[in-house]
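The values are calculated or read from the model by the stated rules, or taken from the named source; none is laboratory data. Computed from a prediction, not measured in an experiment: that's the story for all the values here. Positions of Cβ are generated from backbone atoms using ideal geometry, with glycine treated the same way; all protein chains shown enter the neighbour counts.
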Amino acid sequence: KIYHDSDANLDLLKDKTILFLGFGNQGAAQAQNLRDSGIPNDKIIVANRPDHYAEDAKSKGFNVEHDFAKAAKQADIVFLLIPDQVQPRVFNNEVAPNLKDDACIVVASGYNVFYKLLNFKPSQDVVMVAPRMIGSSVRSLYVKGKGFPCFVSSEQDGTGKALELALALSRAIGATKAGAIASSAREETAMDLFAEQALWPNIIMLFREAFSVLKEAGCSDEALCYEMWMSKEPAEIFERAAEDGFIRQLKHHSTVSQFGQLNGALNLDGSAARAHFKDILYNQVLNGKFQKEFSKIEEDLEKEGDENPLEILYQKSEASELGQAEKRVRARLAGLLDQ
Ligand code: NDP
């Protein structure tokens, strides 16, 4: 089901105090959109630690509160827009104990709701309003009067009005303009983590191996980098796929290319990839195994240098032939790339 502006009643938000916990990518964009949709500024609170995010919110005219507990006590609706890995710690300790019994909690990602990492009271509403866009686009599309793709769901209906409220909030941030898609925290989490842990790792691996094979065959670093991604051809292909269709975009390629791609894909046996994909989906994502393992390292992600596991992964990935070659090419082309 797709919800449009006409399915959403902004009057439901009248007199509600709306708290944005976090003023980062999504927080800054959604708070501004909501205010521009007619929610009075004195009904919006931004809660943030005292730093540049807080200063940014103040400079945009928002009322900023540094004490999360104090902010939570006043809120009827809370947009939880801090990084997923810190939400359980911050929400459960500082926000949840101070929220009203009939508050509505809004998440922009299904992760912590699906894995039951947040403490809600049964009387509260929990909804997902999850833009499929980076924050800057959520804002710029709204400013241009356009909508953006967004998943919406009611995850817990404490007041009996959770879905209506989710739709009103979706409209207020500009998400029903292009149609908000009915989804669920389970679906959003499954698709997001599947893409991150199955689809894209395979694409990265395919590029890495393709690079090595072509390099061995005598192709130059420069030619390979431009052929494979620096020309932005893959970005154009995905742009056309979104506009014309995943398969139909091939019509823009040469006949030799169309034949090679369609014939090649049909001749590939996908059964090993399918088995691998199912393994990731069922034995890593849906059963919570990844989440449990990730929760053991998530505090380390705030450390500096080699103590940060993400930093180590970057170092290993950049040590690949592809990573090293790109570094050389970018150094050689320094200056030219900016023009
Ligand atoms: P950001 O990384 O941009 O969040 C930054 C905000 O979180 C800042 O206000 C920051 O303030 C605050 N923050 C960070 N750490 C802490 C902490 N330990 N305690 C308190 N506040 C903290 O987040 P996003 O906007 O990227 O993500 C927010 C939600 O939106 C997530 O659920 C994400 O999955 C979802 N989402 C994100 C998208 C994106 O494009 N990024 C797309 C769709 C959904 P400070 O550091 O000053 O405390």
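Some notes on this structure:
- Of everything listed in (1) in contact with a Ser or Thr (Cβ under 9 Å, 6 or more places away or on another chain); (2) among the acidic types (D, E); (3) closer than 30 Å to R332 by Cβ, the single unmet condition for D221 is (1).
- In the range 280-323, the residues that are in contact (Cβ under 8 Å) with a residue 12 or more places away in the chain, farther than 22 Å from L117 by Cα and not in a helix (DSSP H, G or I): S320
A quick yes/no check of all residues on (1) surrounded by fewer than 17 Cβ atoms within 10 Å (Cβ to Cβ); (2) closer than 19 Å to K121 by Cβ:
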{"site": "D36", "(1), (2)": "yes, no"}
{"site": "A47", "(1), (2)": "no, no"}
{"site": "P50", "(1), (2)": "yes, no"}
{"site": "Y53", "(1), (2)": "no, no"}
{"site": "D56", "(1), (2)": "no, no"}
{"site": "S59", "(1), (2)": "yes, no"}
{"site": "V64", "(1), (2)": "no, no"}
{"site": "A72", "(1), (2)": "no, yes"}
{"site": "V86", "(1), (2)": "yes, no"}
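- Selection from the range 60-72 of residues that are in a helix (DSSP H, G or I), closer than 21 Å to R35 by Cα and more than 12 Å from the ligand (Cβ to nearest atom): A72
- Subset tally (residues that are more than 19 Å from D192 (Cα to Cα) and either buried (at least 21 other Cβ atoms within 10 Å of the Cβ) or not charged (D, E, K, R) (or both)) for the range 138-150: 7
- Residue in the range 112-124 that is surrounded by the most Cβ atoms within 10 Å (Cβ to Cβ), counting only those that are within 16 Å of the ligand (Cβ to nearest atom) and farther than 19 Å from L169 by Cβ: F114
- Among the residues listed as E302, E243, E307, E298, the single one being touching a helix residue (DSSP H, G or I) at 6+ places or on another chain (Cβ under 6 Å) and not β-branched (V, I, T): E298
- Taking every residue in the range 67-83 that is modelled with pLDDT of 95 or more and pairing it with any residue that is within 13 Å of the ligand (Cβ to nearest atom) and among the acidic types (D, E), at least 6 positions away or on another chain, the pairs with Cβ-Cβ distances below 9 Å are D67/E94; F68/E94; A69/E94; A71/E65; A72/E94; Q74/E65.
Results for (1) near the ligand (Cβ under 8 Å from one of its atoms); (2) within 18 Å of L167 (Cβ to Cβ); (3) of a type in the set (D, E, K, R); (4) assigned to a loop (DSSP other than H, G, I, E, B), shown as yes or no for each residue.
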| site | (1), (2), (3), (4) |
| --- | --- |
| D11 | no, yes, yes, no |
| D42 | no, no, yes, no |
| K58 | no, no, yes, no |
| P88 | no, no, no, no |
| S109 | yes, no, no, yes |
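- Residue identified as on the phi < 0 side of the Ramachandran plot and not in a helix (DSSP H, G or I) among F246, F238: F246
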